[in-house]
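Structure first, then comments.
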Amino acid sequence: TLFPYTTLFRSRTGPNAPEPLPDAPFGGRQWFGLTFRDPQERWRGVQKAGPSLDAFLDEELAALGLGDEALALVGFSQGTMMALHVGLRRPKPMAAIVGFSGMLVEPNRLKTDIRSRPPVMLIHGDADEVIPVEALHQARAALGAAGLAVEWHVRPGLPHGIDGEGLEMAGRFLAGAFAKNA
């Protein structure tokens, strides 16, 4: 195991993105649609999907009798967008946020919207053809300017995905974050 913690959710699948992924006949899901034609579609997407993810987290924590300090959000691509959007706007800081191959949506809005500052790890491939690695650098700069502790790693040759070394780094980061809250 990467770290000695077990994630417990009442639902068997965890938080599912609310929308079916177009052209994915085998059940792919997305948090919000992306055409990449409208610069504001990501912002509208995280704003629309954020409340349902936030409510899901509140329900799960309440059912388990846990506080936000026992919560970490780990996301990939749109999941990273959602983890950063929701996690930084929760009233109490969670243990950590880990984002793979994603971005911070509308970083200029962070200064007015931020409510908590959990430690963040960002991991991105330098060969990402979907979300360019520059998104990691924009996010780390905005998060750092907002007073968050940010650890980041660029994975050489990695396209839009997650590799074993990135998983190992994330596991160590999460173990350390949870140990600080123990």
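A few comments on the model shown:
- A Förster distance of 35 Å, applied to the separation of the beta-carbon atoms of residue 130 and residue 58, puts the FRET efficiency at 0.70.
- Summarising the amide proton neighbourhood of residue 122: residues at separation of 5 or more, or on other chains, whose placed amide H is nearer than 5 Å comprise 99, 151, 152, 153.
- The range 92-160: trypsin sites (Lys or Arg not before Pro) in DSSP coil with no more than 16 other Cβ atoms inside 10 Å: 115
- Residue-normalised accessible area of the range 132-182, given per residue in Å² at a 1.4 Å probe: 52
- Charge sum, other residues only, whose C-beta stays under 13 Å from residue 101's C-beta, Lys/Arg counted +1 and Asp/Glu -1: -4
- Cβ-based net charge around residue 160, under 10 Å, with every Lys or Arg adding one and every Asp or Glu removing one: -2
The values are calculated or read from the model by the stated rules, or taken from the named source; none is laboratory data. These figures come from a predicted structure and were not determined experimentally. For neighbour counting, all protein chains shown are included, and Cβ atoms are generated from backbone atoms with ideal geometry for every residue, glycine included. Quick note on the areas: whole protein, heavy atoms, side chains included, nothing else; ligands and nucleic acids left out. Shrake-Rupley method; radii C 1.70, N 1.55, O 1.52, S 1.80 Å.
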